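A.B. asks: Input: one structure, supplied below.
The values are calculated or read from the model by the stated rules, or taken from the named source; none is laboratory data. Computed from a predicted model, the values in this text were never measured in an experiment. When we count neighbours, we look across all protein chains shown, and the Cβ atoms used for this are built from the backbone with ideal geometry, even at glycine.
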Amino acid sequence: MTFLLCALLALSATSIDPSPSSQPTPTPSVQNEQQPADKHGPADPLVDKQQAETNQRPAEKEDREGYKPWLLKFADRYGNAINALSTLVMAVFTVALFVSTHLLWKSGEKHSERELRAYVCLDGVTTPAFQGSTETRALIRNRGQTPAYDLKVVATFDLHALPRTEFLPYRKQQPNQSSGLVGPDSEISMVLAGVALTPERVQALRDGTCALFFYGRVDYRDAFGRNRFTNFRHIGTLHPVGAITWDVTETGNDAS
């Protein structure tokens, strides 16, 4: 009996105080199994670029913030001057545009006048037959495209010794004057009274020591209301075959 009691006590002591070797081994944590990253490994270029851009943005923002107040200060300080200067520039540009437009219009107007105005000139001088008479015919033609109004012709026809350097005002003793209107591409004819020829004058004409002269002036008004004039001067010499040849002199021929 005593033996059974001792066996029961020994069995109870064994169940209450187990040995350390019988305890279960704890499972290692997952976090303990993860190894830390290698801090000294190769750098990622994409990460470095993003990091550089991130660091640069605040600097650019600071530059813009610093520039903006300076520009606002400049505008506030010189705003009136800037407005005045811009207004002046616009005024100058407007005036220049007006002047250039006006000059362009005037240039077109003058071009139209030159194209359409009347041009009155001496178209020719002829002496039909020289038989002791110098009766001569002159044609005055309007070569323009519009009429010539209030046309007046004053001319002198005479014989003078050569060389001749002076042409006096038109002789009132023998004026040849006409007045009227000459249409475009139209002409008027003037018959010039002959000069009395003596044998001495005929011989002087043959020798070339004297010549016939026909000179004068045409005054008229064109379709644009402008007064115009044409000065003319022709010289007639005796040709060996017995006819009078008329030529334009070097001076005395001009027009407006």
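A.B. asks: When you go through (1) modelled with pLDDT under 85; (2) in contact with a Cys (Cβ under 7 Å, 6 or more places away or on another chain); (3) of a type in the set (A, V, I, L, M) one by one for residue 243, which number turns out not to apply?
C.D. replies: Every condition holds for residue 243 apart from (2).
A.B. asks: Under 25 Å from residue 180 (Cα atoms) and within 42 Å of the chain's Cα centre (by Cα), is that true of residue 116?
C.D. replies: Answer is yes for this residue.
A.B. asks: Next up: Of all residues in segment 205-216, how many are surrounded by fewer than 16 Cβ atoms within 10 Å (Cβ to Cβ) and touching a residue at least 12 places away in the same chain (Cβ under 8 Å)?
C.D. replies: 3
A.B. asks: Within segment 211-254, which residues are aromatic (Phe, Trp, Tyr) and under 14 Å from residue 125 (Cα atoms)?
C.D. replies: 213, 214, 215, 232, 246, listed by residue number.
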